[in-house]
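The values are calculated or read from the model by the stated rules, or taken from the named source; none is laboratory data. The model shown is predicted, which means the values in this text are computed figures rather than measured ones. FYI the Cβ positions are ideal-geometry reconstructions off the backbone, even for glycines, and counts take in every protein chain you see. With ligands, DNA and RNA removed, areas are computed over all heavy atoms of the protein, side chains included. Shrake-Rupley method; radii C 1.70, N 1.55, O 1.52, S 1.80 Å.
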Amino acid sequence: MNGVLDPLLARLRTEDAVLVRVESTQGSAPREAGTWMAVWADGLTGTIGGGQLEFQAMQEARELLAGRRRIDGIERYPLGPSLGQCCGGVVFLSYRRITAADAPALQRDLTAQLAPVALFGGGHVGAALARLLAGLPFRVRWIDSRDGVFPEALPAQVETEHSEPVQDAVADLAPGSRVLIMSFSHAEDLDIVIACLKRLRERDDLPYVGLIGSKTKWATFRHRLEARGFAPAELARITCPIGVPGITGKEPEVIAVAVAAQLLQSQG
């Protein structure tokens, strides 16, 4: 889950809830395994897909929260026969009462299932992207070589890091990280790209490496990278310019939407 984690952690300070989680599915289902919602006595944070499945899960969670029933193990829900949903598959749900004491572990567990993104650059576009990605199924490692560039208050899914030199952070990125490069300096951008290309040679575990900039910038970078011995097939692993085609606005928030859409496409 994504942008609902902060509201969950905030409300959990003063109120217990039941965490309902999709453990697995068979066939067609509203949401995938790992999806969750928190059910409160008088509210809901998150969603497991809506419809009759969610309505029944809310009722059972509130019964558990009130101490009127106990659920052991994982409950099986055939969507078609018993719930009248057109999906027709089967969803397996777990129920767990959570309190304020569970908050640290919940933050770790619920962010660990999100796709990792390494965002290099604390400028205006980087800030817009960090805000937007926090509401999507990503956990963000936001990296810059400068001190004091990150805002104090950040969503639970965003972790900041000072790295000098900045490219050193590439070595210990989580496997499977999608990398976005938009530092304050073209020299830093180039160093980060080189570090990513070297990691791709060694481990081939960065599925997307995107560099902000124009076709002219990439032509200059390509020439310099070729001079350093990188082959055309290696350079083809770098996406530049970044963002889905057809979105032409230059405002940071517009660029962020185009880039976030491209990251979502890269998960397909």
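Tell me the net charge near residue 117. Cut-off is 9 Å between Cβ atoms, residue 117 excluded, with +1 for each Lys or Arg and -1 for each Asp or Glu.
Working: positive: 139, 141, 178; negative: none.
My count for the surroundings of residue 117 gives +3.
Residues whose amide H falls under 5 Å from that of residue 118, counting only those 5 or more places apart or on a different chain, are 141, 178, 179, 180, with hydrogens built in the peptide plane. The calculated 222 nm mean residue ellipticity attributable to helices in the chain amounts to -11000 deg cm²/dmol, summing -39500 (n - 2.57) over DSSP H runs of n ≥ 4 and dividing by all residues.
Expressed as an acute angle from 0 to 90° and rounded to the nearest 10, what is the orientation of the C-alpha long axis of helix 124-133 relative to the principal long axis of the chain? The angle comes out at about 30 degrees.
Work out how much length residue 227 to residue 152 would gain on full extension: take 0.36 nm times their residue separation and subtract the Cα-Cα distance, in nm to one decimal. Can you show the working numbers first?
Details: separation 75, 0.36 × 75 = 27.00 nm, distance 4.10 nm.
Length difference between fully extended and current span is 22.9 nm.
Counting only heavy atoms of protein chains, what accessible area per residue, in Å², does the stretch 1-148 have with a probe of 1.4 Å? Can you show the working numbers first?
Details: 6550 Å² over 148 residues.
Spelled out: the 1.4 Å probe surface of the stretch 1-148, per residue, equals 44 Å².
At full extension, residue 76 and residue 13 could sit 19.6 nm farther apart than now, given 0.36 nm per residue minus the alpha carbon distance.
Rolling a 1.4 Å probe over the protein heavy atoms gives the stretch 180-247 an accessible area of 50 Å² per residue.
Which net charge results when you count Lys and Arg as +1 and Asp and Glu as -1 among the other residues whose beta-carbon is under 14 Å from that of residue 168?
-3
Taking the C-alpha atoms only, the angle from helix 103-112 to the longest principal axis of the chain is near 60 degrees.
Packing-wise, with mean Cβ within 10 Å as the measure, how do 259-265, 152-158 rank, highest first? Let's see the in-between values first.
On the way: 259-265: 18.3, 152-158: 15.6.
Result, highest mean Cβ count within 10 Å first: 259-265, 152-158.
Count Lys and Arg as plus one, Asp and Glu as minus one, and take only other residues whose Cβ is under 14 Å from that of residue 67; the net charge is then +2.
Each Cα pair under 8 Å and six or more residues apart adds its separation to the average, and for the chain the resulting relative contact order is 15 percent.
Counting only alpha carbon atoms, the long axis of helix 252-266 and the longest principal axis of the chain meet at about 70°. Probe radius 1.4 Å, ligands and nucleic acids ignored: give me the carbon and sulfur share of the accessible area of the chain as a rounded percent. Solvent-exposed carbon and sulfur of the chain make up 51 percent of the total. Karplus-based coupling profile of the stretch 226-236, in residue order and whole Hz: 4, 5, 8, x, 7, 7, x, 5, 5, 5, 5, with θ = phi - 60° in 6.51 cos²θ - 1.76 cosθ + 1.60 and x standing for Gly or Pro. Oblate is the label for the stretch 112-211, because the ratio a/c of its alpha-carbon gyration tensor axes (a ≥ b ≥ c) is 1.5 or higher and a/b is not greater than b/c.
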